[in-house]
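Some notes on the structure that comes next.
The values are calculated or read from the model by the stated rules, or taken from the named source; none is laboratory data. Please read these numbers as outputs of a predicted model, since none were measured by experiment. For neighbour counting, all protein chains shown are included, and Cβ atoms are generated from backbone atoms with ideal geometry for every residue, glycine included.
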Amino acid sequence: MFDVAALGELLIDFTPCGISPAGMRLFEQNPGGAPANVLCALSNLGLKTAFIGKVGQDMHGDFLRETLQSQKVCTTRLVQDSNVFTTLAFVELSESGERSFSFARKPGADTCLKIGELNVDIIKNTKVFHFGSLSLTDEPARSTTFSAVETAKSSGAIISYDPNYRALLWNSREEAMVRMRSVLSLVDVIKISDEETELLTGAKSPDDASKILVESGISCAVVTLGKDGALIRTKTSLAQVKAIDCTVVDTTGAGDAFWGGFLYKLVQSNKRPGELTVEETNDFVEFANAVATLCVQKRGAIPSMPYLKDVMNLYPQKERR
């Protein structure tokens, strides 16, 4: 039995890393991909995790497999395919650490995962099944994602969803809205950013968006608010938890670190999302904020995911409740 299994993109984030002697920008090869980032955060916190996805049979695919294995993430169903290249993302950072992206993904290996390449045993034997919206952009990965989510849900797993909108990977904003919303009826717990509220619900405010998501049948909706923390809503409660002040170096993977922290607390609670009290959900978000705070103080995504002892050094009192 796995604590959390995830399906989706595993890719290379090429992150700015100074200037060469010739005056050219240098890029650092960093492992990334939102579902993989979440699993590495969870693995560092001590949970048993498994990744389902596809990379190329190339130097980047080899590097990514080795990275997940070094993070103790199960890679039994990480497929390597010689017919497609590993997806690449080139990241540009602003002075404040915010990111913009360019992608090499036409197609990328992550979009080519087929239903026959799924490991149903892993999907049927996980407490939480997590996925994002990037596996919904193209076939065959779209149909494969639906199949995996439906299998996990029918087997009793808690379904976790992070829409993670990237405009460049969709043909249009309208298509993104339709595809990203198409899975909501299967979801138990969701994380969206304040920039994705309208895409997912039609409502601009985090308050209204979270209400719509919960009223649609989702047990727990979390809206991240950047430096303002996060808003969390269940069927019986609504709260906003402040972020932790820190010096930001790189926001790559921050949302994934946050969600890894939240799912860690959910697994540890041994509860379904609809059973959580307001005290528990607040504690989950406070813990998640601590994980994200440590992540943004380093460069890259997976290399920045903190370990439990470091999280507890930042926020130890929450574990003593």
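Values for this structure:
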| read-out | value |
| --- | --- |
| Sole residue being buried (at least 23 other Cβ atoms within 10 Å of the Cβ), under 25 Å from residue 232 (Cα atoms) and in contact (Cβ under 8 Å) with a residue 40 or more places away in the chain, chosen from 108, 132 | 132 |
| Condition check for residue 124: touching a Ser or Thr at 6+ places or on another chain (Cβ under 9 Å), basic (Lys, Arg), on the phi > 0 side of the Ramachandran plot and touching a residue at least 12 places away in the same chain (Cβ under 8 Å) | no |
| Residue list for the range 286-311, filter: in a loop (DSSP other than H, G, I, E, B) and in contact with a helix residue (DSSP H, G or I) (Cβ under 6 Å, 6 or more places away or on another chain) | 296, 298, 301, 305, 306, 307 |
| In the range 35-67, the residues that are of a type in the set (A, V, I, L, M) and in contact (Cβ under 8 Å) with a residue 60 or more places away in the chain | 36, 38, 39, 41, 42, 45, 47, 50, 52 |
| Candidate set from the range 176-225 (those that are loosely packed, with under 15 Cβ neighbours inside 10 Å and under 22 Å from residue 34 (Cα atoms)); member that is nearest to the chain's Cα centre (by Cα) | 195 |
| Within the range 248-307, considering residues that are over 25 Å from residue 236 (Cα atoms) and among the basic types (Lys, Arg), the one surrounded by the most Cβ atoms within 10 Å (Cβ to Cβ) | 299 |
| Spans of strands (runs of 3 or more DSSP E) in the range 11-128 with at least 3 residues among the charged types (D, E, K, R) | none |
| Of all residues making up the range 74-92, the number that are surrounded by fewer than 24 Cβ atoms within 10 Å (Cβ to Cβ), of a type in the set (A, V, I, L, M, F, W, C) and either at pLDDT below 95 or touching a Phe, Trp or Tyr at 6+ places or on another chain (Cβ under 8 Å) (or both) | 5 |
| Test: residue in the range 101-114 that is among the acidic types (Asp, Glu), in contact with a helix residue (DSSP H, G or I) (Cβ under 8 Å, 6 or more places away or on another chain) and over 15 Å from residue 35 (Cα atoms) | no |
| Boolean, residue 84 is closer than 20 Å to residue 14 by Cβ and of a type outside the set (Lys, Arg) | yes |
| Failed condition for residue 131, given (1) at pLDDT below 95; (2) under 17 Å from the mean Cα position of the chain (by Cα) | (1) |
